[in-house]
Amino acid sequence: MPRERILIVEDEEDIRELVRYNLAKEQYQVAVAATAEEARRAVEAAPPELIVLDLMLPDQDGLDFCRRLKAQPATAGIPIVMLTAKGEEADIVAGLEMGADDYVTKPFSPRVLLARIRAVLRRDREPAAGEAPLRVGELTIHLGRHEVLAAGEPAALTATEFRVLLVLARRPGWVFTRGQIAGEIHGDDVVTDRAIDVQIVGLRKKLGAAGRQIETIRGVGYRLRE
C-alpha cells in the first residue's frame, strides 16, 4: 500500500535521483522538482505530506521558498526537511526559524535522511484520539487534534514546536537538557543546542503570555513551570 506523498525539491540530478530511489523503495509516493517554480506548481497540483527542500535552488533561495510556504495557510502545515550543503549553524537556524521541521547536511546518508523523514511524519500524525488533553497552567494540549490553546486561544505551532512543548508538558517542573529534548524529538543528539534554543524562542513567541511558563534554567536547559 503506497505511503505518504513526498516532494523532493533539488536541482542536482544525482542527488534528486538518489533521494527519489530510496523513498520509492520504501513505498512512498514521490514527486520531484528541480526549481522553486516547479515545486510551487507541484504543491498546487497535489499537496504533499512532506517536502525535502534543498536550500540552494537555481531560481530562488530555498529559505525564501520555505518562508513563503509557511506564510500561506494552505501550505503552512506541510512539514519541511531541509537539505543544505553549507552545514553552517546560521543556515540551519535560519531555516528552523522560518518553520522548517528538520535538516540534513550534505553529504548525507540516505538511511539518515529516511530516518529523519520517518520521524517528522511520525510527529506530524495524530496521536491516539482517546488520549486526554494535557493542561499545564494556561496551556491546553490536545494530542488527538494536534492543537495547543494558550489562555484559550489557538497557537499555530510547527510539528517540531508541538513536539518540544509536549516533551516539557508531560513532565511539568522537570528540567530537560537541550540534548534530552533533541533526543526526544529527533531520536539522536545531532541537533545543535542553538537549534533547540530557536525552537524554544519560537514557542514562547507563539504562546504569547503563556510562553512565560517555559523557563530557562541557566547552564542546564528548560522546564515548563507547574
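Springs between Cα atoms under 10 Å define the GNM used for the chain, and in it the highest mean-square fluctuation of Asp64, Asp14, Asp101 occurs at Asp14. For the chain, what does the helix formula give at 222 nm: sum of -39500 (n - 2.57) over DSSP H segments with n ≥ 4, over the residue count, nearest 500 deg cm²/dmol? Helices in the chain give a 222 nm mean residue ellipticity of -12500 deg cm²/dmol. Relative contact order of the range 5-124: 23 percent, from C-alpha pairs under 8 Å at least 6 residues apart in sequence.
Straight-line cross-link partners of Lys205 among the aspartates and glutamates, defined as a Cα under 14 Å from its Cα and at least 8 positions apart when in the same chain: Glu97, Glu153, Glu161, Asp197, Glu215. Antiparallel beta bridges, as assigned by DSSP with both residues in the chain, represent about 50 percent of the total such bridges. Averaging over all projection directions, the Cα-based convex hull of the chain occupies 12.2 nm² in the image plane.
One equal scatterer on each Cα of the range 134-224, no solvent, Debye formula: the resulting log10 I(q)/I(0) at q = 0.23 Å⁻¹ is -1.20. When you filter the trypsin sites (Lys or Arg not before Pro) in the range 11-100 for DSSP loop state and at most 16 other Cβ atoms inside 10 Å of their Cβ, you are left with Lys86.
FYI, it's all coordinate maths here, none of it is from the lab. Predicted model, so just to flag it, every value in this text is computed and none were measured. Backbone-built Cβ (ideal geometry, glycine too); neighbour counts: all protein chains shown.
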